[in-house]
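**Q** The structure's right below; bear with me while I get my questions together.
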Amino acid sequence: MGEPGGITDGELAKAILDRLPHGVAVIDPARQVVALNAMAREQLEGALEQPDGAPARCCDLFRCHDPKGPLPRDCLTELARAANAPLPEIRIDLPSAAVGDAAWVTATPFEQPQGHVLVALRPGERADRRRRTEPHWTGRPRLKVCTLGRTRVESAEGPIGGAWLEHRAGQLLKLLVCERDRTLTAEEIAEALWPATGRGAPATVRYVVHVLRQRIEPTRSSGDPSAFIVARNGGYAVDRARVRVDADEFAAAVEAGLAAFARGEASAASESLEAGLRLYEGDFLADEPSAEWAFVERERLRNLATRGLLAAGQLALDAGDPDAAAVRVERAAELHPLDTGIQRRLIALCLLRERESEAARRYDALRARLDRELGKRVDFELAELYVERGEPLRIA
């Protein structure tokens, strides 16, 4: 929709933002700055240009993980995503004195596009000794649940391990993390985990919730509300503001990398993809292979990992490193051993690297496995790949 005088909505919004007395910046899931208004450019002038020419990142601008800064162990945008709400302000020393010499900074996540964070800066004074508008706000209880591979639970005090993760309390935590964006009723929980409980389901669930809370909050006083497992509308959920899940961090980084790959931004795509893929240590809740309630999320994340691996392989191939490309495509092939399209790419990479014997072995193994498990034939001949060897190879 246009505005009087031929000004578009987008131009009007930019003009308004540029006239604000406070800085506004948008950070993407890869922690890169993707938008700034005029005041933010002035406030952050000294840090926007990185020595290696790479895009400015959140941690470069706001002194994240700086032992002498206000967030010695944290990243501003990660805290905002974990809280899923606006953060209290912190004071940072600015890299440039163009507009004051410090700023009060807050951050809040966007619902759309998901994973992006809006950061607002208002002028402050370096002489102000306060670090935060609310003391110790980053010290609230937090829990991290690692779900990619075997499940691990970490609190601020350290790992919370033990056999309990394989028993009822651990199963409940895994289910709530799998369904982390909604509240589950006691009946839904019992039906998913212990369908034989029948009419005793609510009492069983209440007891297991009690045990789970004791496991992950051993110092919580009786009667105090749980920091991590909340009761809501007759059901239970993880507190998304305090419980971090590695699958979310993986997905945000890989999706940002795929978006950069689609835009042709090779360096940014590679950095985000590699950061995300390092988190993919195995399938989602690999220690619950038969849990039907985990199938959809497991498949979603596996497919996202596959897309990320193929894109990373293409980037490596484009950079002239077919060996690195083969490593990534082989990992994708392990995730989908019966996918003939991925297997074909891997065999073609073997031929490109002049590894004919390996190509033949992989082809024979694929043919035998397809016949044994699906009763199907391979839909391409090895000879075809020999003929195509001189042509440009596309992986993603």
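The values are calculated or read from the model by the stated rules, or taken from the named source; none is laboratory data. In this text, all values refer to a predicted model and were calculated from it rather than measured experimentally. A quick note on method: Cβ atoms are made from the backbone with ideal geometry, for glycine too, and the neighbour counts reach across all protein chains shown.
**Q** Would you mind stating whether Ala237 is touching a residue at least 40 places away in the same chain (Cβ under 8 Å), within 30 Å of the chain's Cα centre (by Cα) and assigned to a helix (DSSP H, G or I)?
**A** Taking the combined requirement at face value, the residue does not satisfy it.
**Q** Would you mind finding the one in Arg302, Arg307, Arg298, Arg331 that is in contact with a strand residue (DSSP E or B) (Cβ under 6 Å, 6 or more places away or on another chain), assigned to a helix (DSSP H, G or I) and modelled with pLDDT of 95 or more?
**A** Checking each option against the conditions leaves just Arg298.
**Q** Output the number of residues of region 234-277 satisfying the condition of being within 19 Å of Arg57 (Cα to Cα) and of a type in the set (Val, Ile, Thr).
**A** Of the residues in region 234-277, 1 are within 19 Å of Arg57 (Cα to Cα) and of a type in the set (Val, Ile, Thr).
**Q** Among what's in region 259-303 and is among the polar types (S, T, N, Q) and under 17 Å from Val33 (Cα atoms), pick the residue that is nearest to the chain's Cα centre (by Cα).
**A** Going through the qualifying residues, I end up with Ser272.
**Q** Quick test of your reading of the structure: Ser226 fulfils all but one of (1) within 20 Å of Gln171 (Cα to Cα); (2) assigned to a loop (DSSP other than H, G, I, E, B); (3) out of contact with any helix residue (DSSP H, G or I) (no Cβ under 7 Å at 6 or more places or on another chain). Name the failing condition by number.
**A** Looking at each condition in turn, Ser226 falls short on (3).
**Q** If you don't mind, there's one more thing I want to ask. Let me confirm something: among Arg302, Arg361, which residue is touching an Asp or Glu at 6+ places or on another chain (Cβ under 8 Å) and surrounded by 13 or more Cβ atoms within 10 Å (Cβ to Cβ)?
**A** So the residue among Arg302, Arg361 that is touching an Asp or Glu at 6+ places or on another chain (Cβ under 8 Å) and surrounded by 13 or more Cβ atoms within 10 Å (Cβ to Cβ) is Arg302.
**Q** Could I ask something else about it? Would you check which residues across region 198-235 are among the hydroxyl-bearing types (Ser, Thr, Tyr) and farther than 16 Å from Glu157 by Cβ and list them?
**A** Hits for region 198-235 are Thr204, Tyr207, Ser221, Ser222, Ser226.
**Q** Is it the case that region 312-332 has a residue that's more than 21 Å from Leu279 (Cα to Cα), of a type in the set (A, V, I, L, M, F, W, C), surrounded by fewer than 16 Cβ atoms within 10 Å (Cβ to Cβ) and in contact with a helix residue (DSSP H, G or I) (Cβ under 9 Å, 6 or more places away or on another chain)?
**A** Yes, the conditions are met somewhere in region 312-332.
**Q** Next question, about the same structure. Return the pairs, sorted by first residue and then second, in which the second residue is hydroxyl-bearing (Ser, Thr, Tyr), the first residue lies in region 273-294 and is farther than 20 Å from Arg244 by Cβ, the beta carbons are less than 8 Å apart, and the residues are 6+ apart or on different chains.
**A** So the pair list comes out empty.
**Q** Going by what's in this entry, would Ala396 be described as within 16 Å of Pro322 (Cα to Cα), touching a helix residue (DSSP H, G or I) at 6+ places or on another chain (Cβ under 8 Å), surrounded by 18 or more Cβ atoms within 10 Å (Cβ to Cβ) and not assigned by TED's automatic domain parsing to the domain that holds Ala269?
**A** yes
**Q** Quick check on Glu388: is it at pLDDT below 95, more than 34 Å from the chain's Cα centre (by Cα) and on the phi < 0 side of the Ramachandran plot?
**A** In short, yes.
**Q** Hey, does region 119-134 have a residue that's over 25 Å from Ala15 (Cβ atoms), at pLDDT 75 or above and assigned to a loop (DSSP other than H, G, I, E, B)?
**A** So far as region 119-134 goes, no, none of its residues is over 25 Å from Ala15 (Cβ atoms), at pLDDT 75 or above and assigned to a loop (DSSP other than H, G, I, E, B).
**Q** Now, a different point. Tally the residues that are under 29 Å from the mean Cα position of the chain (by Cα) and not hydrophobic (A, V, I, L, M, F, W, C), restricting the search to region 9-42.
**A** The qualifying residues number 7.
**Q** Taking only pairs six or more apart or across chains, which ones have beta-carbon atoms under 8 Å, a first residue in region 329-343 that is touching a residue at least 12 places away in the same chain (Cβ under 8 Å), and a second residue that is loosely packed, with under 14 Cβ neighbours inside 10 Å and in a helix (DSSP H, G or I)?
**A** Listed by first residue and then by second, the contacts come to Leu338/Glu373; Leu338/Leu374.
**Q** Could I ask something else about it? Taking region 355-381, which residues are part of a helix (DSSP H, G or I) and either basic (Lys, Arg) or not assigned by TED's automatic domain parsing to the domain that holds Ala333 (or both)?
**A** Arg361, Arg362, Arg367, Arg369, Arg372
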